[in-house]
Structure formats: structure tokens, C-alpha cells
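Chemist: Here you go, one structure.
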Amino acid sequence: MKKHYMMFAAYNAWANQRIYDAAAGLTRAEFQRDTGAFFKSMRGTLNHLLVADRIWLKRFTGEGDAPAALDTILYIDLPKLRAAREAEDWRIVDWVGGLSEKALAGRFTYMTVTDMRTVSQRLAPALSHLFNHQTHHRGQAHTILTVLGKEAPTLDLIYFQRTEEGRAYA
């Protein structure tokens, strides 16, 4: 299981880089435009992904900042948001790389953000959620690019596995 999650951590960083590369071509107005996505704009969507990862990493590790609301805008401009995203991606890669099989099978307890209840669950399924959540909202970012008339990058896992960095997981 550890190699499986290491693959998803590496894929996650790779896919985020591709989305941010594409988003860098947006004007400030396009970056902020409400396109009807769940978190409205590219800015809202990319901030939400960073917010959610920080919340989950705080739950998993006990370290870092955990925003109180899922729609928090941590960074208004893309360069600062991108720097924070890259740091969080490498934090995830490093943390997953340090996990043992025993830790993956273990349980942890946390408080939900939306309805403030305590949940106890196994780590591996929660980690699967973290990566699935990223994929879900990156899909929305992909659609936002399309709505704005921009070229959206290929983000398929198999495409990552065909890259130099992803070949180790193919």
C-alpha cells in the first residue's frame, strides 16, 4: 500500500504543477471570474484545494495551519498561491514517504470542519480521500480553463505513469 500512496503523492504534485502552469496563462480577471464551479473561480478552486490539504495534513500529522472554513481564500494572487501549493505538495510527498505499512493500517481521530463532530477512522481510506478530493477539484479547474477558452492539460494518471517521474509507478 505504501508504494500506491507514494504514487498518488507524486502524481498529485505533478498534476497540480500542470494545472498551475495552465492557470499562469490566465489574466487576473479570468483567474477571479465566477465560472459557475463549486468554488466559483479558478482562484476559489485552487485555494480550496490548498485549504483542504492543510486541514487533512493537520489531522494526519498534528502540524501546520488548518483553516476554519473550506472556502477560505488564503492567497489572492497566483504566484503566492502556487508557492504555497508546491510547498504543500512536497510536504505530502515527504510525509507519505515516511509512513509505514503499520501506520497506514492504523486509526486516527479528528474533528470535522463542516459540522464539528469527532470521527475515528483508518488512515489509508482517509488518505485515499485526500488524493481523490484533489482529483475531483482539479477536474473542476480543468473545466474552468475550458470555459475560459484556454487549453487544459492532460491530467490522466496513466499519462503521469508514462513520464520520467511516473515511470517508477507504472
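Chemist: Suppose the filter is at pLDDT 95 or above and within 12 Å of ASP89 (Cβ to Cβ); does ALA10 pass it?
Modeler: yes
Chemist: Next question. Filter segment 140-156 down to the residues that are open to solvent by less than 30 Å² (accessible area, probe 1.4 Å), out of contact with any strand residue (DSSP E or B) (no Cβ under 9 Å at 6 or more places or on another chain) and within 20 Å of ALA9 (Cβ to Cβ) and list them by number.
Modeler: Within segment 140-156, PRO153, LEU155 qualify.
Chemist: Across segment 35-53, what is the number of residues that are of a type in the set (A, V, I, L, M, F, W, C), in a helix (DSSP H, G or I) and open to solvent by 10 Å² or more (accessible area, probe 1.4 Å)?
Modeler: 0
Chemist: From the list TYR75, TYR159, TYR110, which residue is surrounded by fewer than 16 Cβ atoms within 10 Å (Cβ to Cβ) and among the aromatic types (Phe, Trp, Tyr)?
Modeler: Only one candidate qualifies: TYR159.
Chemist: Would segment 13-22 turn up any residue that is within 28 Å of THR163 (Cβ to Cβ), open to solvent by 60 Å² or more (accessible area, probe 1.4 Å), in contact with a Pro (Cβ under 9 Å, 6 or more places away or on another chain) and not in a strand (DSSP E or B)?
Modeler: yes
Chemist: Sort out which residues of segment 83-98 are over 18 Å from ARG59 (Cβ atoms), open to solvent by 50 Å² or more (accessible area, probe 1.4 Å) and touching a residue at least 12 places away in the same chain (Cβ under 8 Å), and write them in order of number.
Modeler: Listed by number, the residues that qualify are GLU86, TRP90.
Chemist: So how many residues does segment 5-26 have that are over 14 Å from SER128 (Cα atoms) and within 14 Å of the chain's Cα centre (by Cα)?
Modeler: Going through segment 5-26 one residue at a time, the tally reaches 8.
Listed here are the residues, each with its yes/no results for (1) within 28 Å of THR146 (Cβ to Cβ); (2) of a type outside the set (Val, Ile, Thr); (3) touching a residue at least 60 places away in the same chain (Cβ under 8 Å).
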site: ALA23; (1), (2), (3): yes, yes, yes
site: ALA29; (1), (2), (3): yes, yes, no
site: ASP34; (1), (2), (3): yes, yes, no
site: PHE38; (1), (2), (3): yes, yes, yes
site: MET42; (1), (2), (3): yes, yes, yes
site: ASN47; (1), (2), (3): yes, yes, no
site: GLU63; (1), (2), (3): no, yes, no
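Chemist: Quick one: which of MET1, MET7 is open to solvent by 50 Å² or more (accessible area, probe 1.4 Å), farther than 15 Å from ASP77 by Cβ and in contact (Cβ under 8 Å) with a residue 60 or more places away in the chain?
Modeler: Result: MET1 is the single residue among MET1, MET7 that is open to solvent by 50 Å² or more (accessible area, probe 1.4 Å), farther than 15 Å from ASP77 by Cβ and in contact (Cβ under 8 Å) with a residue 60 or more places away in the chain.
The values are calculated or read from the model by the stated rules, or taken from the named source; none is laboratory data. Predicted, not measured: the structure shown is a model, and the values here were computed from it. As a convention, Cβ positions derive from the backbone with ideal geometry for all residues, glycine included, and neighbour counts pool all protein chains shown. Ligands, DNA and RNA are stripped out before the accessible areas are found, and what is left, the full protein with its side chains, is counted by its heavy atoms. Shrake-Rupley method; radii C 1.70, N 1.55, O 1.52, S 1.80 Å.
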